[in-house]
Amino acid sequence: MNKAKHIAIIMDGNGRWAKQRGKKRVRGHEVGVKVAKEVVTYCANNENVERLTLYAFSTENWKRPRLEVDFLMKLLEKYLKEELQVCLENNVKFEAIGDISIFSKSLQEAILRVEEETAKCDGLVQSLALNYGAQDEILRAVNSLKKDAGNITFEMLNNALDSKQNVDLLIRTGGDKRLSNFLLWQSAYAELFFTDTLWPDFTCKELEKIIQKFKKVERRFGGLK
Ligand code: IPE
Ligand code: IPE
Ligand code: MG
């Protein structure tokens, strides 16, 4: 049976969830944060899951109205403060992927603080994708390797990426069937699961069901079974 060692989730549908209830889009993001925390705790207590990568803010999300972007930045800072406790209680190591150099000083410091304070935790790795785009990640990796002489090997490029572990199970909520620039290299052989559930309605029970289905998939990696 397959093991979902690395689960990656595109947490989509917050805005629509709020609109359906006659609320502002940002209310959906607030509820979405609660769901993210539940999913982290669930994965921390699932012995097969080594890494959980959550897509929180893409390199393209800057195109949104200023008010929504500002709200998301504040929410992220609040999440990081609260998440430190959750990580320490559950032996979770936190790491950010993406180019965080664009964020405000205080947000960057908040990210580094959680990374530093959870560095010794050796349970689940919670990887949070912030100002992350897979194309940007690959470009940054290639540029960092330019000075090396000779051909770039698979290992060299893989190790130069922000996220170095291949994805086993990739889930997108919110009904759309696209990757939106998420972990393109790492998902080369990921099993893809799409659900219509909007992220604020997503539950650990649904995650458990998806994992059960994933376990039984025949993964061939181009070979034969
Ligand atoms: C995902 O929900 C969260 C972020 C991209 C920050 P959306 O905000 O994309 O919600 P929908 O897709 O518009 O409903
Ligand atoms: C993907 O959702 C990004 C995150 C969940 C952070 P989007 O809502 O930004 O993706 P598109 O625009 O529908 O492709
Ligand atoms: Mg969306």
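In the set (1) within 16 Å of ligand 3 (Cβ to nearest atom); (2) open to solvent by less than 50 Å² (accessible area, probe 1.4 Å), LYS63 fails one condition alone, (2).
Of the residues in the stretch 173-188, how many are open to solvent by 10 Å² or more (accessible area, probe 1.4 Å) and either hydroxyl-bearing (Ser, Thr, Tyr) or within 16 Å of ligand 1 (Cβ to nearest atom) (or both)? Of the residues in that region, 8 qualify.
Inside the stretch 1-19, can you point out the residues that are open to solvent by 30 Å² or more (accessible area, probe 1.4 Å), within 14 Å of ligand 1 (Cβ to nearest atom) and in contact (Cβ under 8 Å) with a residue 60 or more places away in the chain? MET11, ASP12, ARG16, listed by residue number. Scanning the stretch 20-56 for residues that are closer than 12 Å to ASP201 by Cβ and within 12 Å of ligand 3 (Cβ to nearest atom), we see that the one that is surrounded by the most Cβ atoms within 10 Å (Cβ to Cβ) is GLY32. LEU130 satisfies every condition listed in (1) under 30 Å from ARG27 (Cβ atoms); (2) touching a Lys or Arg at 6+ places or on another chain (Cβ under 7 Å) except (2).
VAL142 - would you say it is under 22 Å from GLU50 (Cβ atoms), among the hydrophobic types (A, V, I, L, M, F, W, C) and more than 18 Å from the chain's Cα centre (by Cα)? So VAL142 fails the test. Just one of the numbered conditions (1) away from ligand 2 (no atom under 16 Å from the Cβ); (2) among the charged types (D, E, K, R); (3) open to solvent by less than 40 Å² (accessible area, probe 1.4 Å) is not true of GLU68: (1).
Would you say ASP201 is out of contact with any strand residue (DSSP E or B) (no Cβ under 8 Å at 6 or more places or on another chain) and within 16 Å of ligand 2 (Cβ to nearest atom)? Yes: the conditions hold for ASP201. ASN166 falls short on exactly one of the conditions (1) in contact with a Ser or Thr (Cβ under 9 Å, 6 or more places away or on another chain); (2) within 16 Å of ligand 2 (Cβ to nearest atom); (3) open to solvent by 70 Å² or more (accessible area, probe 1.4 Å), and that condition is (2). Screening the stretch 79-113 for residues that are under 15 Å from LEU130 (Cα atoms) and without any contact (Cβ under 8 Å) to a residue 24 or more places away in the chain and picking the one that is surrounded by the most Cβ atoms within 10 Å (Cβ to Cβ) gives GLN108.
Which members of the stretch 199-225 meet the condition of being within 16 Å of ligand 1 (Cβ to nearest atom) and open to solvent by 20 Å² or more (accessible area, probe 1.4 Å)? Spell out the reasoning first.
Restricting attention to the stretch 199-225, the residues satisfying the condition of being within 16 Å of ligand 1 (Cβ to nearest atom) are 199-202.
Within the stretch 199-225, just ASP201 meets the criteria.
Considering (1) touching a helix residue (DSSP H, G or I) at 6+ places or on another chain (Cβ under 9 Å); (2) on the phi > 0 side of the Ramachandran plot, the lone condition that GLY150 does not fulfil carries the number (1).
The values are calculated or read from the model by the stated rules, or taken from the named source; none is laboratory data. These numbers were taken from a predicted model, which means no experiment stands behind them. Ideal geometry is used to build each Cβ from the backbone, glycine not excepted, and the neighbour counts take in all protein chains shown. The protein model used for the area step is the full one, side chains on, heavy atoms only, and it has no ligands, DNA or RNA in it. Shrake-Rupley method; radii C 1.70, N 1.55, O 1.52, S 1.80 Å.
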